[in-house]
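Right, one structure below, let's go through it.
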Amino acid sequence: MEENVIYPRSQKELICVMEKACKEGRLLETILDEFARQPFHMSALWACRSYFYQLDTEACRSHPALPPLLALLSAMEGDLNKAKKYVSILGETPRHWKPQDFCERDYYRIYAELVMPYTSDGMFLRIMFFLVKTGMVPVRSLTLSASRPSILNGFRDFTRFGPYLVRYKDTISETVHQLYGSVGKNVYDILLAEWCYQNNDCFKSLILVTGTIPLIEQESDMRCLFVALALQMRILLMNGQAATAKPLVEKIRNRIHETGWEELTSSLNALECLAACYDGQQESVVEWLEKTAPDENGDIYMMDMFAWLVKVRCYLQVGKNMAGPFFVRAPYDLVRQLITLLEPGKRYMDLCECHMLLAIICHKAGDRERMCEELETALALAKKYRYIRLLSDEGICMVQMMSVYQREKGADAFTNQIMELAGSVSRYFPNYLRAPAEYYEALTATEKKVLRLMALGMSNNEIAEKIGRKAGTVKFHSNSIYRKLRVPNRQQAVDRGKTIGLL
């Protein structure tokens, strides 16, 4: 082993270590040293996945630390069946547990099962209380997710248990303290703050977060600090204090730089971009999309779920592929892909958000029927699990969709509450998810056709012949296009059409 190494290693450094080990024929030994015996970043594990896939089955069976790591990688890919197969290499979970009968393989197995979404709630509690009883805590590998405080290790969703946080406060806070160690109380307070925020108790949520942040800073737990600061920023942002976003982002970025927790950078960049969406900063949104956003053409990394959901919003904000028919490819296909990955793990809050985003896509594409269907699915999840702010924070889009939905399906107290809160958000952020084309009066179908022919360099007479109209009619449509796009001539009309996605 190298001396004076600071762990967790950076992703770049770890990739170099793995490349060298692979060339020297020390891959298995190095993987065990770097990932089984030392702390590591989840993003670094993901970046090194190709080296794990070079290991043979015998190595996995001989070293009990390997199957949980491969199960983690499978869960990161969204393949829970594969994750379950890797965990099963360590044997079946017995019906009755006796600490004296537990061996190393048993502990590796239950630590893996603790975070896997396929593990039942009953089994999760069984494992948790067994670990507390036997003193096998705190669990070093348990972390809050960078996307939501109540997503354990980026996989297991606890948002549906929000009401129990208050009802069984003492039991839950004590258990969380046992599992997480000295930062346990802070973890509980963050989870409770998220629950309060979703229930629209923003004041209590802000008090909890503000009071917890100094305590977390004393513990030097960067992941806890990140989710606390991110939640604080979201609360302030949704209450019209957009000016607080930038200094909070910079504070988080500085702490990441100081502590080396680079795996949080992706979510931080996405958080900063989301604030830019609300503030209507199109240039910042486009820059994030082009330079920093995750690429759906490769493997989708489940730990980046927050960034993926922000990316969908960015597509809507910049109007990417929104000028076509209903099946607007980029955002629609991405959300459908995310739903396929989220459903097996019962990620209800993320699924609610996905169906809400599909509803917005349908709304912007003019498909009222499908918009109502997707919104109805999102509303059912939101009502059952109290994801009130999740929907209402979409502002003007939610107001517009809810107006149509209530006319079609009827109103009730819950939809009225969403409508009222969304209206408040829309007054603070009138340009949120407002694509460039939406700043101009919509062109008719004929005007769009004329504009496309203009872009091909056709004269009015050529356009008239092409569409079977008189030259005077084409001139009338051209003038209407200039007026709606706020330009004086056809070249500028074509340029404006390209800029806002009409061409």
Glu290 paired with Lys449, simple spin-label distance in nm, labels 7 Å along Cα-to-beta-carbon
3.4 nm
I'd like the orientation of helix 413-428 relative to the chain: the angle between its Cα long axis and the longest Cα principal axis, in ° from 0 to 90, rounded to 10.
70 degrees
In Å, the C-alpha Rg and Dmax of the stretch 120-217 are 13.2, 39
Within the stretch 208-260, GluC sites (Glu not before Pro) in DSSP loop having at most 16 other beta-carbon neighbours inside 10 Å:
none
Return the Cα extents of the stretch 304-406 along principal axes one, two and three, sorted largest first, each rounded to a whole Å.
34, 32, 20
Quick check: pseudo-label points 7 Å beyond the Cα along Cα→Cβ at Glu283 and Glu174, how many nm apart are they?
5.7 nm
Here the stretch 29-90 gives, from Cα atoms, an Rg and Dmax in Å of 10.7, 27
Helix 11-24 vs. the chain, principal-axis angle (Cα, 0 to 90°, nearest 10)
60 degrees
Would you please classify the overall shape of the stretch 78-150 from the alpha carbon gyration tensor, given that a ≥ b ≥ c denote the square roots of the eigenvalues, rounded means a/c under 1.5, and beyond that prolate means a/b larger than b/c while oblate covers the rest?
oblate
Sorted by accessible area with a 1.4 angstrom probe, largest first, how do Thr292, Thr340, Thr265 fall?
Thr340, Thr292, Thr265
Here the gain from full extension of Ser88 to Cys22, 0.36 nm per residue of separation minus their alpha-carbon distance, amounts to 21.0 nm
Please state the relative contact order of the stretch 442-503 as a whole percent: Cα pairs under 8 Å, 6+ residues apart?
36 percent
Extension length gain for Ser62 and Glu462 (0.36 nm per residue less Cα distance), in nm, is 136.4 nm
Express the accessible area of the stretch 98-143 per residue in Å², computed with a 1.4 Å probe while the remaining protein chains stay in the model.
50 Å²
Neighbour-limited loop hits for GluC sites (Glu not before Pro), the stretch 1-70 (at most 15 other Cβ within 10 Å; DSSP other than H, G, I, E, B):
Glu2, Glu3
Principal axes first, then extents: for the Cα atoms of the stretch 26-147, list largest minus smallest coordinate on each axis, whole Å, largest first.
38, 35, 27
Three principal axis lengths of the stretch 352-503 [C-alpha, angstrom, descending]:
60, 29, 22
So the carbon and sulfur contribution to the accessible area of the stretch 14-100, 1.4 Å probe, in percent, is 48 percent
Report Lys82's accessible area, 1.4 Å probe, all protein chains in place, as a number in Å² to the nearest 10.
70 Å²
Explain nothing, just compute: Karplus ³J(HN,Hα) = 6.51 cos²θ - 1.76 cosθ + 1.60, θ = phi - 60°, for every residue of the stretch 132-137 in order, whole Hz, x for Gly and Pro.
5, 4, 8, x, 8, 9
Taking just the alpha carbons, could you work out the radius of gyration and Dmax for the stretch 344-393, both in angstroms?
10.6, 32
The stretch 163-241: C-alpha gyration tensor shape, a/c 1.5 cut-off, then a/b vs b/c:
oblate
Can you divide the C-alpha Rg of the chain by 2.2 N^0.38 Å and report the result to two decimal places?
1.11
Residue-normalised accessible area of the stretch 178-320, given per residue in Å² at a 1.4 Å probe:
39 Å²
Please go through the stretch 90-145 and write out the trypsin sites (Lys or Arg not before Pro) that DSSP classes as loop and that have at most 16 other C-beta atoms within 10 Å.
Arg95, Arg140
I'd like the accessible area for Val166: 1.4 Å probe, protein heavy atoms, all chains in place, Å² to the nearest 10.
80 Å²
Yeah, the stretch 199-328 with a ≥ b ≥ c from its alpha-carbon gyration tensor (a/c under 1.5 is rounded, else prolate when a/b outruns b/c, oblate otherwise) is prolate
Could you compute the FRET efficiency for Asp412 and Lys384, with r as their C-beta to C-beta distance and R0 at 22 Å, rounded to 0.05?
0.95
Based on the Cα gyration tensor of the stretch 428-475, what are the three equivalent ellipsoid semi-axes, each the root of five times an eigenvalue, rounded to whole Å and given largest first?
31, 10, 7
Pseudo-spin-label distance Arg140 to Leu55, built 7 Å along Cα→Cβ, given in nm, is 1.6 nm
Quick one: what does P(r) look like for the stretch 452-498 with 10 Å bins over all Cα pairs, in whole %?
30, 57, 14
In square angstrom, rounded to the nearest 10, how much accessible surface does His363 have for a 1.4 Å probe?
50 Å²
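The values are calculated or read from the model by the stated rules, or taken from the named source; none is laboratory data. This is a predicted model, so every value here is computed, not measured. Here the Cβ is made from the backbone with ideal geometry for all residues, glycine too, and neighbour counts use every protein chain on show. Calculation scope for accessible area: heavy atoms of the full protein, side chains included, ligands and nucleic acids excluded. Shrake-Rupley method; radii C 1.70, N 1.55, O 1.52, S 1.80 Å.
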